[in-house]
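Undergrad: My structure is below; once you've seen it, I'll send some questions.
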Amino acid sequence: MFLALWYSLHGYVKIRAKGFSAERFMNMAAFRGVYLWDIAYDGAAVSMKAAGGSLDILTACAEKTGCSMEILGWGGLPAFLRRFRRRQVWSAGLLCFAAGLYLLSSFIWTVEVEGNERLETETLLSACKEMGLRPGAWKRGIDTEAVTNGLLINFSDISWVSVGIKGTDATIRLAETIEQAAPIDRDSPCDIVAAQDGVIVQITAERGTPKVQPGDVVKKGDILISSELLIGLEGEEQHREYTAAEGAVIARTWKKLTEEMPLQVQETVYSGVEKENSSIVFSEKELDIIHPDGAGKWEKTVLEEKPLALGDFTLPVRLKKEVWKEYEILEKTRTTEETKTILEENLRKKTENLLSPYGKIEDIKITFEEYADSVRGEAEITLLERIDEKQQTEERERENLNEF
């Protein structure tokens, strides 16, 4: 196999030996040091490949064995180059193309960031640009270690970072520091107030003085658990102290949602016809020459988009494959009952999106109003949810309370 590759680079000749002594011809050639490969029998004839410089030896072997030898053609690198002696413009273009690809592969064309959650990608890319790492930068002029150290110094939220360059792609992989939870201030006095209107269902006060009880109607901003504490036994002189109130308050709340939907709608209908399309993307510009023909409407879905590469060098050219699905827009008239069903589903989904983590739907009533060309749905929702939120107690308020 190695010899065949060697002779392919140095040139070979393909011949056909015909006669009753064809095998004797091959044995004599092999005895004289001629390497033969790709031997194929065709009746009394045998075709084979041999080194281009062994043609004189093969001719002598054919004369001594009484075989007729026919040259079928020449192959290998020298024969390939001879084809383009008269195509100088084409050859020059090929060399320029290869040189251009090599030149383009010497620059960075894409910079990607992986692992960031709190830090914005644009901020990181802007910092890298100031340190020389940007699309269009010469690869050998980039100091990846300096970029790594610069990111660690400029961003305290980064605990680890690695800058790697492969082909024309630069990838910044990082790990952010663990976000510390906001400290809970248990010393500064605060009240628990109502975040919205409702009727109290349950109140649990861990710290502070409850100001409401189940069944009370509260408005947004009303104090539910006060930070004020009366210290002292009954019948004795009491004094006030203030704490950071803690607790949970569940209330019954009401909300109203409305949505209107027309009876006449447009519907996308797919014909089932699908076509594949390939295009070349260079520097965010797409070259789509051989696109599917068709006068209808097509929905495009990208199946694959990958960069072209020469070995380890990634070229700034991407090959994109798409699938095109033919469709048409049809006017459709829904019945009133169909529209009501869709409206009810939509209103129930919107209601679920309103729920807080500790809330639940107690009741939902949906009514409809029918018009000539539409249907309007209105949902009255009863929820059970937490309405407690903390509100800092101002020093002036505490002084007023003390004076009172």
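Where a number appears in this text, it was derived from the coordinates with a stated rule and is not lab data. From a predicted model like this one, the values you see are computed outputs, not experimental measurements. Using ideal geometry, Cβ is built from the backbone for each residue, glycine included, and neighbour counts are taken over all protein chains shown.
Undergrad: So, with +1 on the Cβ of K and R and -1 on the Cβ of D and E, and no other charges, what is the size of the charge dipole of the stretch 2-81 about its Cα centre, to the nearest 20 debye? Don't skip to the end; give the middle numbers.
TA: On the way: 7 positive and 6 negative charges, 13 e Å.
Result for the stretch 2-81 is approximately 60 debye, rounded to the nearest 20.
Undergrad: Here's something else I'd like to know. For the pair residue 157 and residue 80, what calculated FRET efficiency results from E = 1/(1 + (r/R0)^6), where r is the Cβ-Cβ distance and R0 = 41 Å, to the nearest 0.05? Let's see the in-between values first.
TA: Working: r = 57 Å, r/R0 = 1.40.
So the FRET efficiency works out to roughly 0.10.
Undergrad: Which lysines, on any chain, are close to residue 18 with Cα under 16 Å apart, when same-chain ones fewer than 8 places away are left out?
TA: 49, 64
Undergrad: Using the Cβ atoms and a cut-off under 10 Å, what net charge is assigned to the surroundings of residue 260, where Lys and Arg are +1 and Asp and Glu are -1?
TA: Working: positive: 376; negative: 259, 369, 378.
Computed value for this residue: -2.
Undergrad: Exposure proxy check: 118, 82, 134 ranked by fewest other beta carbons within 10 Å? Don't skip to the end; give the middle numbers.
TA: Numbers: 118 8, 82 11, 134 15.
Taking fewest neighbouring Cβ atoms as first place, the list is 118, 82, 134.
Undergrad: On a full-extension model of 0.36 nm per residue, what is the gain between residue 355 and residue 374, subtracting their alpha-carbon distance, rounded to one decimal in nm? Don't skip to the end; give the middle numbers.
TA: On the way: separation 19, 0.36 × 19 = 6.84 nm, distance 2.84 nm.
Separation in residues times 0.36 nm, less the Cα-Cα distance, equals 4.0 nm.
Undergrad: Here's another thing I want to ask about it. Net charge around residue 225, counting only other residues with Cβ within less than 12 Å of its Cβ (Lys, Arg = +1; Asp, Glu = -1)?
TA: Result for the local shell: -4.
Undergrad: Would you list 350, 49 from fewest to most Cβ contacts within 10 Å?
TA: Values: 350 14, 49 22.
Ranked by crowding around the Cβ, least crowded first: 350, 49.
Undergrad: Given springs between every Cα pair under 10 Å in a Gaussian network model of the chain, which of 211, 256, 64 has the largest fluctuation?
TA: For the chain, modelled as a Gaussian network with Cα springs under 10 Å, the answer is 64.
Undergrad: Using θ = phi - 60° and the Karplus form 6.51 cos²θ - 1.76 cosθ + 1.60, what ³J(HN,Hα) does each residue of the stretch 61-66 get, whole Hz, x for Gly and Pro?
TA: 5, 5, 5, 6, 9, x
Undergrad: Then there is this: By the scheme Lys and Arg +1, Asp and Glu -1, what is the net charge of all other residues having a beta-carbon under 12 Å from that of residue 323? Mind showing how you got there, number by number?
TA: Working: positive: 275, 300, 320, 321, 325; negative: 274, 276, 299, 304, 322, 326.
Around residue 323, the charge tally is -1.
Undergrad: Roughly what would the spin-label model give for residue 319 and residue 59, points 7 Å off Cα along C-beta, in nm?
TA: 4.5
Undergrad: Same structure, new question: Given 0.36 nm per residue, what is the gain on full extension from residue 101 to residue 130 after removing their alpha carbon distance, in nm? Walk me through the intermediate numbers first.
TA: Details: separation 29, 0.36 × 29 = 10.44 nm, distance 2.71 nm.
Answer, rounded to one decimal: 7.7 nm.
Undergrad: Among all the lysines, which ones have a C-alpha under 24 Å from residue 365's C-alpha, if same-chain residues fewer than 8 places away are not counted?
TA: Qualifying lysines at Cα under 24 Å: 219, 255, 256, 340, 349, 350.
Undergrad: Next question, about the same structure. Using θ = phi - 60° and the Karplus relation 6.51 cos²θ - 1.76 cosθ + 1.60, list the HN-Hα couplings for the stretch 354-366 in order, rounded to whole Hz, with x at every Gly or Pro.
TA: Rounded to whole hertz, the list is 6, 5, 7, x, 9, x, 8, 8, 8, 7, 9, 10, 10.
Undergrad: Give me the log10 of I(q) over I(0) for the chain at q = 0.06, 0.10, 0.14 Å⁻¹, as the Debye formula computes it from C-alpha points; what are the numbers?
TA: These q points yield log10 I(q)/I(0) values of -0.66, -1.08, -1.15.
Undergrad: Testing the spin-label approximation: label points 7 Å from Cα along Cα→Cβ at residue 38 and residue 258. State their distance in nm.
TA: Those two pseudo-labels are separated by 8.2 nm.
Undergrad: Could you give the dipole magnitude of the chain about its Cα centre, charging the beta-carbon of Lys and Arg +1 and that of Asp and Glu -1, in debye to the nearest 20? Walk me through the intermediate numbers first.
TA: Working: 50 positive and 68 negative charges, 948 e Å.
Once rounded to the nearest 20, the dipole reads 4560 debye.
Undergrad: How large is ³J(HN,Hα), in whole Hz, for each residue of the stretch 41-58 in order, when computed from phi with the Karplus curve 6.51 cos²θ - 1.76 cosθ + 1.60 and θ = phi - 60°, using x for Gly and Pro?
TA: Once θ is set to phi - 60°, the couplings for the stretch 41-58 become 8, 9, x, 7, 9, 10, 9, 7, 10, 8, 4, x, x, 9, 5, 5, 5, 5 Hz.
Undergrad: By how many degrees, 0 to 90 and rounded to 10, does the Cα axis of helix 22-31 deviate from the longest principal axis of the chain?
TA: 80
Undergrad: For residue 273, which sequence-distant residues (separation of 5 or more, or a different chain) have an amide H within less than 5 Å of its own amide H, given hydrogens modelled in the peptide plane?
TA: HN-HN under 5 Å from residue 273: 326.
Undergrad: Using a Gaussian network for the chain with springs between C-alpha atoms less than 10 Å apart, which of these wobbles most: 379, 195, 62?
TA: Most flexible of the set in this elastic network: 62.
Undergrad: In a Gaussian network model over the chain where Cα atoms closer than 10 Å are linked, find which of 175, 45, 137 has the largest mean-square fluctuation.
TA: 45
Undergrad: Oh, and also: Sort 286, 338 so the one with the fewest other Cβ atoms within 10 Å of its own Cβ comes first.
TA: Working: 286 10, 338 14.
Result, fewest neighbours first: 286, 338.
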